[in-house]
Each structure stands twice: as C-alpha cells, then as structure tokens.
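The values are calculated or read from the model by the stated rules, or taken from the named source; none is laboratory data. Quantities reported herein were computed from a predicted structural model and do not represent experimental measurements. Here Cβ is always computed from backbone atoms with ideal geometry, including for glycine, and neighbour counts include all displayed protein chains. Side chains included, ligands, DNA and RNA excluded: accessible areas come from the protein's heavy atoms. Shrake-Rupley method; radii C 1.70, N 1.55, O 1.52, S 1.80 Å.
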2 protein chains.
Amino acid sequence: MNTRRIKMKSWRDNIRNVVPYTPGEQPKEDGVIKLNTNENPYPPSPKVLEAMNHIKHLRKYPDPAAADLTEAISSYYGLNRDEVFVGVGSDDVLAIAFLTFFNSGKPVFFPDITYSFYDVWAGLFQIPYETKALDEEFGIHAGDYYGENGGVIFPNPNAPTGALLELETVRDILDHNRDVLVIVDEAYIDFGGESARSLIPEYDNLLVVQTYSKSRSLAGLRIGYAMGNKELIKAMNDVKYSFNSYTMNEPAIVMGKAAIEDEKYFQKTREKIINTREWFQEELRNLGFAFADSKANFVFASHESIPAKELFEAAKREKIYVRYFDKPRIDNYLRITIGTDDEMQTLVKFLKKQIRP
Amino acid sequence: MNTRRIKMKSWRDNIRNVVPYTPGEQPKEDGVIKLNTNENPYPPSPKVLEAMNHIKHLRKYPDPAAADLTEAISSYYGLNRDEVFVGVGSDDVLAIAFLTFFNSGKPVFFPDITYSFYDVWAGLFQIPYETKALDEEFGIHAGDYYGENGGVIFPNPNAPTGALLELETVRDILDHNRDVLVIVDEAYIDFGGESARSLIPEYDNLLVVQTYSKSRSLAGLRIGYAMGNKELIKAMNDVKYSFNSYTMNEPAIVMGKAAIEDEKYFQKTREKIINTREWFQEELRNLGFAFADSKANFVFASHESIPAKELFEAAKREKIYVRYFDKPRIDNYLRITIGTDDEMQTLVKFLKKQIRP
C-alpha cells in the first residue's frame, strides 16, 4: 500500500510555533503536602471571603479599568491610580509588558537561571533575547546588563534561586539602561526584600511587577499588578484594551480590594512564613544541603550527596510535592516552598530518613 | 529661549503602536436604563450564586486547564473535553485565536461592518486584513470570501447588525476555505440562530466561539469558549500556556460550571428576551425605524427622519444608554440592547415623545 502523504496547503502551516511554559503539578489527590508552586500555606484574609457577599451584578460587564481595585492598590502604596496596571496574575501583566515594550528588535537581557516564563514570552512574541549567566553562588552581576539591549528583566528575589539583589544593584542596572525598559519582577519581594517601587519617581523606564498569588494568599483569584510612571501604565493599558477590555472579573475586583485593605492579616502571615523559612534553612544546613540565602517563600537547595531527582521522586511517593527542574546547572536542586510549620516538620522528618537511614 | 528638543533614544520609541478597542460606557450613576453593551437584563441562574459558597482554596492556583468548566461545557454540547477551549470572555478566546492561527502573512477576511475588535487584534498582532462590504441590507455574501486569504472571521448573527446567516451559507464559506481557519463568532447565537457547532465533525478548520456574557447573564464573570476539533484546541492551548497558564480564576470555574448546568433557567430567560425583541421590533417599525431582522439580543435601527446621534444624546439625557458608532455607513444607526419589558416600554415611550412630540 502506498502510504506516502501528499503535502497539502493547510491551516496547520500557519499555526504559531511555541514552546509553552510548564506550570507545576496541581495534584488532585487528598492528603498531599504541596510545596511545589510557591503558594501561601495560609488562607487569604477572612475579609476576602466576607467580601464575596458583596459581589453583585454579575450579569453586567465589570469596570474595564477595575478602578476599585487599582485605587485600593495605588492608595496602599501611596501611588496615583494612573501609576498602577492590573492583570490576571503577574503572568498576564508580564506578558502584556513584553508585548508593549520589547519591540526594538534588539535582544532583551535576563539571567540564565530565572523565571522560566521569560523565554516563553520571548518565543511567543518573537522577541530576541540573551541570557546572562549567574555566578556560582547564583548571584546577578550588574555589569552583565550594561551592554546595548532591547530591555532588561529579572526577578527580585530571583526565582527559582531565592537570592535577593540589593536596591543599590537594581539602581546600578537602571542607571546603565536609561533608554530601554527595565522590569523588576517582585513576585516574592514581600518575604524579605526591599522593593524598587521607591525608585519609580527617579526612573521613568522602571516597571515593578507584583502579585497577589504569594504574600496575599490569593493564587486562585488571579491578580497581578505593575507599578510605574503613568506613561508606561498608559502604554500597557492601550495594549490591554487591544487584547481584551475586561480582564478582571467582578469577584477579582471585589475580593482583591478587600485583601489589600487587611494590612494586619498580611503582616501576620508574612512574618509566619519568614520565621518558618529561617528555621527550615537552619534544618537544611544541618542536613548537608547547600543553598543561596532565600528572601522568598521557597528555598532552592542541593544536597551534598543525594541527587535532587532522587529526593524529588522519593518525596512524591510520600505525597510531598516539591519542584524539580530538569535543566542545565539546576538539575541537582529542589525548589521547596515554605509551608506551615507542621508541613515543613514532616518534610524535615522525611529528609532525615532519606539522608541518614 | 531655545525650546527645540533634541531627539534622544528612548524606551518610548519601542512601544507597540496600537489603536485600542473602545468598550461601551459603564455609567456609574444609579437609575440608568443600560441598553448599550448587550448585557442580559436578567440576573444569572440562582444556582450560580449558590455555587459561590463552594469556592475554596483561593490560596492555591486554580486548575490551569479549568477542567471542571471545560468538562461542563463540552458535556453540555456533546463534545469531548479536548474539543473545548475556555478563556477570559470571548475576547480573550478570539485574541488567542488570532495569535494562534492568522500567521500566513496573507490578509484575513471579515465584513466591513462587524465586531469592531477584529481590526484591533489585527493591528495589535500586525496581521494584514481585508474587509468585505455588506450589502445595503447588511447581508454577508459568501462569494466575497472565496478568494485566497489568511483566514476568515465573522460574527453570526453579525454585530452590530443582528442579521443572521443561514447555516448553508456558513457551510458555503467553509467549503471555499478548507486550507485556512474559519472562525464563526457566535456571541449572540442563542437568541435565535442555528450554531455552526454541528459542522465541526465535517470541517477540521472550523472554530466556533461563544460566550457567557449574553445568553448566560454572566458578563461580570468573564467566560468565553471555543469549540473545534482537538488539533485546533491544542494549538490554542499551547499559545495560551505561552501567555498565561492560569487565566480562569476559581470563582469563574466554580460559577461557570453551575451556570451551564441550569438549562431550565437558561431557556426561560432566553425565551423572554426573544419575545421582548419581537414585540420591540414591531414597535420600532410602527415608529418609522428601519432595521435588519435581528436574531440577537439587540436591534440595529435607523430612523427615517431623526438622526441617530440626536436620539442617542437625547436618550442619554434621560438616563437611557444605547450604543452609537460614529463610523462610515453606520453613523445613522443605534444599537439597542433588549432589556426587560419595562425598560423597553420606557424606551418606546421616550422614542414616541421624540418622534411625534
């Protein structure tokens, strides 16, 4: 039988060629200790659930500007409303920023070990990029970002390493990149870093991106935001209104406002996580793990003798999910989210058993 | 004083050049009769609000595949789960479809009078396009879509005209475009048209897009979906996972599932709107308005003597909001959403006063 296929013209030929991002597993079984996607182990503020009762008019379109939410966020930070852009999680915000600002044709610079969505967005929008190698201790060197480029982006603290860049280093990178956009992706900043937000009045090319998914315990609501001068925010809104006018649904607007207004609850859970992290890092050290000091809600650690992949798989069998990246330079590391004290104690117990059986 | 400015290199030079879509006004004052954005005048099914009590785990990321929702939608239509794509309103779904499929460099075809977001997406993603003129009665002619192109998209019923294309004409367009993607945008199909969904098994290049914002009274929740063969849906998911993994928040997944499961409520409100529309069209006819017979939840009407803009502004002064497009060929038309019987009676009373003072 002749099975040769004749190549026909087809809609298939014009499909955009992408390599999608792979999100961490969301196991559906019960009794799992889930330390693989950097979620907050504590529920959101009780005021968020209370606010749910004030959701109304679902039949109507939400406010396309999500003004109640952007006003709550901007007033929390002492910014003007036109200095804040909101989106469906910080991934939406970052995707819109890539599409809005990285159009020079020159390569965008970011670290070689970093949030693994950056090269995905670059691929999707056909933006050239160059990665800059972190040093052996997973440090970012400002000097690597001095050359001519189409923009700069890095997370601070970096992901998945957890390492923090001091504000003076961020400023140094900004000083050497006044004519391109510099995005500081601060998804984890609330767990111990100093935000670059304070530099916004000085640098009109600085965009600071944060999220509700980590420190505000609301990954399920999908809220992220960018802060920057109003020209940047207007440019992002123009692109957003060219893609989807109504991105923030009514529950996100109503509950998102309530969440940022409960400062006391925020501080309490944030401190709990920081304390647990410090204790857990000490335990890891005693067990023979190496890691950069984390200022995030996770630790990126490598054991002196047991391969990370082995630990990852053994943990999974015990229903403990951590994150493992099968990538060059980091394939012997585990990224472990900081859970409750109980969860971390269970993990430590498991590790002790693995390491000193 | 020398005020010449020296042109510097700037991040501003690389901002994406767009002409954003302008959504209809969302007036914030009370006591407004809002007939300008084709929302459903009836609230969503009571089961949607009940479902709100089952929202949990907001601290965790939602299921990136939104499986509970896509399963509910696919089983409602008798499709497989991998034949349905969900997004943040049908605008999100359509934007992703443009980005996924319209990459041939050849012009995409759509009507000259149509949903005004199509040329915005084409502009955003730098997709060439050609518009095909509707006839004097606002009809689409299949023959206009036979030529070589990079894809075809049209709403059915068309917006803002409300005119329906018979399924045989849709089939004719598909038959002449087997090697490109054809998108039938069925935002209003539930108000009296026959969906092209039944053609999916025959045409692997057909994508049918629908929404919760009109017939399911849930514009505030932001849910749209595409139906097509699994290869198309996979291609869209790949692009979605390259843009934002978690687009559907937990409230949208939980409430969206509840909404599509309440068939009885859906049929009841749908029929009410159809009945109101038929009565209202009769009233408009008696008042000297001309319009294509509408199969949507709006009527696109022009008066024989009073300019549309004048009526639009007079109505607004009475807190009755309808939609007016200041565009060639349609600048003497009003797009009037079908509200409750009471709302439409108030509008008719107002129109009578304007027309025969």
Go through B:344-352, B:93-101 and give me the packing order, highest mean Cβ count within 10 Å leading. B:93-101, B:344-352
Per-peptide average of other Cβ atoms within 10 Å, ordering A:211-221, A:26-36 highest first: A:211-221, A:26-36
Relative contact order for chain B: what percent, with Cα pairs under 8 Å and sequence separation of 6 or more? 24
Quick one: go through the stretch A:244-272 and flag any residue whose amide nitrogen is under 20 Å from the point 7 Å out along the Cα-to-Cβ line of A:Asp293. A:271-272
Can you give the Rg and Dmax of the stretch A:99-234 based on its C-alpha atoms, in angstrom? 14.1, 40
How many nanometers, to one decimal and shortest first, lie between the label point of B:Arg356 and those of its other copies, if labels sit 7 Å from Cα toward Cβ? 9.7
With each label point set 7 Å from Cα along the Cα-Cβ vector, what nm distance links A:Asp204 and A:Ser305? 6.1
How shielded is A:92-105 by partner chains, expressed as the average number of their Cβ atoms within 10 Å of its Cβ atoms? 3
Report the extension gain between A:Asp112 and A:Asp30 in nm, rounded to one decimal, defined as 0.36 nm multiplied by the number of residues separating them, less their alpha carbon distance. 25.9 nm
Expected 222 nm ellipticity per residue - DSSP helices of 4 or more, -39500 (n - 2.57), all of the protein assembly as shown, to 500: -10500 deg cm²/dmol
Could you give the size of the charge dipole of chain A about its Cα centre, using +1 on the Cβ of each K and R and -1 on the Cβ of each D and E, expressed in debye and rounded to the nearest 20? 1720
Based on the inverse mean of 1/r over its pairs of different Cα atoms, what is the Kirkwood hydrodynamic radius of the stretch B:126-180, in Å? 12.0
Just checking the output field for A:115-122: average partner chain Cβ neighbours within 10 Å of each residue's Cβ? 2
Taking every pair of Cα atoms in the protein assembly as shown, average 1/r, invert it to obtain the Kirkwood radius, and report Rg/Rh to two decimals. 0.99
For the ranges B:116-125, B:197-206, what's the packing order if you count other beta-carbon atoms within 10 Å of each residue, average per peptide, and put the highest first? B:116-125, B:197-206
7 Å along Cα→Cβ, label-point gaps from A:Glu136 to other copies, nm, shortest first: 8.4
Members of B:Lys214/B:Lys319; A:Lys34/A:Lys352; B:Lys132/B:Lys257; A:Lys264/A:Lys349; A:Lys268/A:Lys316 lying beyond 26 Å, as alpha-carbon distances in this model show: B:Lys132/B:Lys257; A:Lys264/A:Lys349; A:Lys268/A:Lys316
The stretch B:30-173: relative contact order as a whole-number percent, Cα under 8 Å and 6+ apart: 18
For a quick check of understanding: with a 1.4 angstrom probe and all protein chains in place, what accessible area in square angstrom does A:Glu310 have, to the nearest ten? 110
Which residues does the label zone of A:Lys234 cover in the stretch A:74-90, counting backbone N under 19 Å from a point 7 Å along Cα→Cβ? A:79-86
With the label set 7 Å along Cα→Cβ, A:Lys316 is separated from its counterparts in the other copies, in nm and shortest first, by 5.9
Distance between modelled label sites at A:Glu148 and A:Glu50, nm, 7 Å Cα→Cβ extension: 5.8
Chain A Cβ-axis minimum, rotational copy B, residue and distance in Å: A:Pro251, 2
Using C-alpha positions alone, give me the convex hull volume of chain A per residue in cubic angstrom. 195
At 7 Å along Cα-to-Cβ for each site, give me the label-to-label distance between B:Thr131 and B:Ser10 in nm. 3.2
Cα convex hull of the stretch B:298-351 - mean projected area over all directions, nm²: 3.5
Karplus (6.51, -1.76, 1.60) ³J(HN,Hα), θ = phi - 60°, over the stretch B:144-156, in Hz, Gly and Pro reported as x: 5, 9, 7, x, 4, 8, x, x, 9, 9, 7, x, 9
How big is the dipole moment of the stretch A:265-357 about its Cα centre under a simple scheme where the beta carbon of each Lys and Arg is +1, that of each Asp and Glu is -1, and everything else is neutral? Debye, nearest 20, please. 180
Over all residues in B:216-229, what is the mean tally of Cβ atoms on other chains that come within 10 Å of each residue's Cβ? 4
Scan around B:Ser242 for amide H atoms under 5 Å from its own, H built in the peptide plane at 1.01 Å from N, and keep only partners 5 or more places away or cross-chain. A:Tyr21
